[in-house]
Amino acid sequence: MAFLTHLLACLFGTGAWVAINGLWVELPLIVNDLPEGWYLPSYLTILIQMANIGPLFVTVMHKVKPGLVKEIAVIYIIIALGIMALFLLAFFWKETTWIAGQMHSTGFLILTFFLSVVDCTSSVTFLPFMMQLQPKYITTYFIGEGLSGLIPGLLSLIQGVGMMKCVNITRNDNTTWLNATDDGYHIETQYLPANFSVQVFMFLLSIMMLCCLVAFFFLTRVSQEDSSNTSLLQSTVTLNSYSTTDIEVSCNTGPSDTNKSTEDIHHGGRMSSDSDNNLVNYSWAHYALIYFLTGWVNALTNGVLPSIQTYSCMPYGNLAYHLSAALGSMANPLACLIALFLPSRSLIILVLLSVVGTGFGAYNMMTAVMSPCPILQDSNWGVVLIVISWILFIGTLSYVKVMIGVILRSRSHSALVWCGAVVQLGSMIGALVMFPLVNVYSFFRSADLCNMNCPR
């Protein structure tokens, strides 16, 4: 039964961010067909932050009218919405419309907004629902959440997303070519067809969301059974407490043990096998640091760096962009596995890992600023470094996010809800800072991959 519950928790976690993660790893193919081009990632980040209306509503209702919004009902609604939006996206992702004198991919952007509402709202509903299960399942959930990036990444590797080649095209004497050579040839970028289409990829993502829905249905049954067993356990503890109080006092048992039992009952009535509530007492300053780290790492991973990944990776070639997107998404579940076997609740270690991850992010940002001619552009070492930098950037900060979730899981239900709110706040700030830099002030420059014209 425990193995089955772990499997269900993992499948449930995969639905948390599979839609948006899937779109990110598919961008190396999509950016070549939609009119936004290299600007598309920044549009995607701002849409995700606009979708914070979902978690904002849930968080406000949790504060103003506790218990009025039922988490289970909200989860059913958003998962069903995600399945429907992915199914429609498979058919309408290429639909475009003229807006303010420019062509925009309205089909993709509108449906992406709804998918963003689904995934953002999952941050303040999925984790709190996991509070109804035993603490050992929280890490399994995070592994599943990591798989929401790993599985789409594997699919994109199989798909062969966005591979390209440079072709010499003979120049017509009646036509003026840009970047034409003196011998009458023009170098043109041609993208090779993928092994399967974007439509098939979207269908596969919708199937993953359907599996999440089925897993959630059975998890609600498991939580109900646990609640029944919890009620019986609580009654037993209440009856036995009258006969053990005098013994505890005579033996000078410290108050921490008694308080731990009471707190376990109030948080769902089950005794925590890992003694989460008795490990570390955090001060307000510690909580401020934890929430600051939460906002910082999510601002970088969900807002700042994703906006400029095309500028950071594409100058090294489409393969570098493809591998950075796919393998970077795989770094998330790997970090979750490391957190499972090598957990660390030390705030000092989490701060150091945050600094290291920020350093890799700074390198990625530097290459984006130098686009279209970053350092080591014509060297294989440049490709290797940018791919490794993106992997380690995502991996180190993902570990920090997982351990913060584990720490707050041991505190209370409200701590997790506010953690989700801070996640979205940090992500929103990062996206709002980057959007004008990319789309208004054109701080970052794109280029034709086959016609860089960079100094050697």
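The values are calculated or read from the model by the stated rules, or taken from the named source; none is laboratory data. This structure is a prediction, so every number in the text was calculated from the model and none was measured. Neighbour counts are summed over all protein chains in view; Cβ atoms, including those assigned to glycine, are modelled from backbone coordinates with ideal geometry. Quick note on the areas: whole protein, heavy atoms, side chains included, nothing else; ligands and nucleic acids left out. Shrake-Rupley method; radii C 1.70, N 1.55, O 1.52, S 1.80 Å.
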Quick tally, 1.4 Å probe accessible area for VAL117, VAL60, sorted with the most first, runs VAL60, VAL117
In the range 1-66, what percent of the accessible surface is made up of carbon and sulfur (1.4 Å probe, ligands and nucleic acids excluded)?
74 percent
Between TYR287 and SER446, what is the label-point separation in nm under the 7 Å Cα-to-beta-carbon projection?
4.5 nm
In nm, give the distance between the simple-model label positions of PHE91 and SER197, each being 7 Å from the Cα along the Cα-to-Cβ direction.
1.3 nm
Charges only on Cβ, +1 for Lys and Arg, -1 for Asp and Glu: so what's the dipole of the range 36-162 about the Cα centre, in debye to the nearest 20?
340 debye
With the 1.4 Å probe rolled over protein heavy atoms, the range 1-70 has an accessible area per residue in Å² of 40 Å²
I need the peptides 307-314, 128-135 ranked by packing, meaning the mean over residues of other C-beta atoms within 10 angstrom, with the highest value on top.
307-314, 128-135
Computed over all unlike Cα pairs, the Kirkwood hydrodynamic radius of the range 1-151 in Å stands at 16.5 Å
Just to check, using Stokes-Einstein with a Kirkwood Rh over alpha carbon pairs, what's the diffusion coefficient of the range 71-114 at 37 °C and 0.692 mPa s in µm²/s?
286 µm²/s
Ordered by number, the trypsin sites (Lys or Arg not before Pro) in the range 381-437 that occupy a DSSP loop and have at most 12 other Cβ atoms within 10 Å are none
Treat each spin label as a single point 7 Å out from the Cα along the C-beta direction, and report the LEU319 to MET61 distance in nm.
5.0 nm
Accessible area per residue in Å² at 1.4 Å probe, computed on the range 318-453
41 Å²
Given the pairs LYS94/LYS401; LYS70/LYS136; LYS70/LYS94, which are separated by over 28 angstrom at their Cα positions?
LYS94/LYS401; LYS70/LYS94
